[in-house]
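Worksheet: one structure, shown below.
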Amino acid sequence: LNRASDHVDIDISRVERPEQCLNEVSQSSLLKALYRCPNGVIKMSETFDGVVETSNNLATISLHKHQCLAQCLVRSSVNRARDNACELIRSAFVDSRAEVITDNGYPGWTPVARSTLLQTMQQVYRDTFDADAKIQVIHAGLECGLLGEKYPNWEMISFGPTIRGAHSPDESVHIPSVERFWEYLLASLDRISRITT
């Protein structure tokens, strides 16, 4: 779209015919499945305003000799919602006679807004930096989900230095925040050890 003149420019050029191509029935079946497959935000959190609870990323679609492979990445802070999203995706593809494999599930983790651990670490932050910590809930896969699945009675929080562009070629860490993070971690561990002993 050319915004200056408010019209669309279309370039047409001849290309070589691909070595393989879907027949009309397969193409129609695949497109119907992709159209029905949820992609993006599926549900917002009912607990935390403005935070995504469940989403799907229809990440890759690739054609091989005699098959098409579509890969999805489902995330949710609630395991039941994650499983429901997987069933939505499964139904979209099974109805098109595709084989669906669900694996590598990443467990959800729902933060506890008023946990004793969180209150303790908020106080440690105030005592250490003379400011209030910014508490934030994000939509991402965290190790807390893996740990919480094995130890459901643990209180957990996730914190760290400032990272930009995580899991991308542009990932970077704000170096001064690493020193603050380390100072905060040591102060927190000291306070927690004194409370629990």
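Please treat every number below as a calculation from the coordinates, not as lab data. Fair warning: this is a prediction, and the values are worked out from it, not measured in the lab. Here the Cβ positions follow ideal geometry from the backbone for every residue, glycine too, while neighbour counts run over all protein chains shown.
Below are the figures for this structure:
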quantity	calculated
Label point 7 Å beyond Cα of residue 174 along Cβ direction - residues of region 110-141 with amide nitrogen under 12 Å	134
Cα-Cα separations in region 1-111 greater than 19 Å, expressed as whole percent	58 percent
Karplus-derived 3J(HN,Hα), 6.51/-1.76/1.60, for each residue of region 44-49, Hz, glycine and proline x	8, 5, 8, 9, 10, 4
Taking N as its residue count, the alpha carbon Rg of the chain over 2.2 N^0.38 Å	1.42
For residue 108, residues with placed amide H under 5 Å, excluding near neighbours	79
Residue of 11, 132, 49 that the Gaussian network model of the chain assigns the largest fluctuation, springs spanning Cα pairs under 10 Å	11
Exposed GluC sites (Glu not before Pro) absent - longest run of the chain, DSSP non-H/G/I/E/B, at most 10 other C-beta within 10 Å	100-170
Residue 53 long-range amide H proximity, modeled H, under 5 Å	43, 44, 45
Separation in nanometres of the label points that stand 7 Å from Cα toward Cβ, at residue 19 and residue 147	4.8 nm
Alpha-carbon radius of gyration plus Dmax, which is the widest Cα pair, for region 66-164 in Å	18.5, 63
Centre separation in Å (Cα based) which lies between region 168-197 and region 115-131	12 Å
For region 38-194, with +1 on Lys and Arg beta carbons and -1 on Asp and Glu, the positive-most of 105, 39, 62 along the dipole	62
Viscosity 1.567 mPa s, 4 °C: Kirkwood-radius Stokes-Einstein D of region 120-197 over Cα pairs, µm²/s	90 µm²/s
Whole-number percent relative contact order across region 43-130, with pairs defined as alpha carbons under 8 Å at least 6 apart	20 percent
Along the chain, longest interval not containing exposed trypsin sites (Lys or Arg not before Pro), exposed being DSSP loop plus at most 14 other Cβ atoms within 10 Å	135-197
Within a Gaussian network of the chain (alpha carbon springs, distance under 10 Å), most fluctuating of 52, 178, 112	178
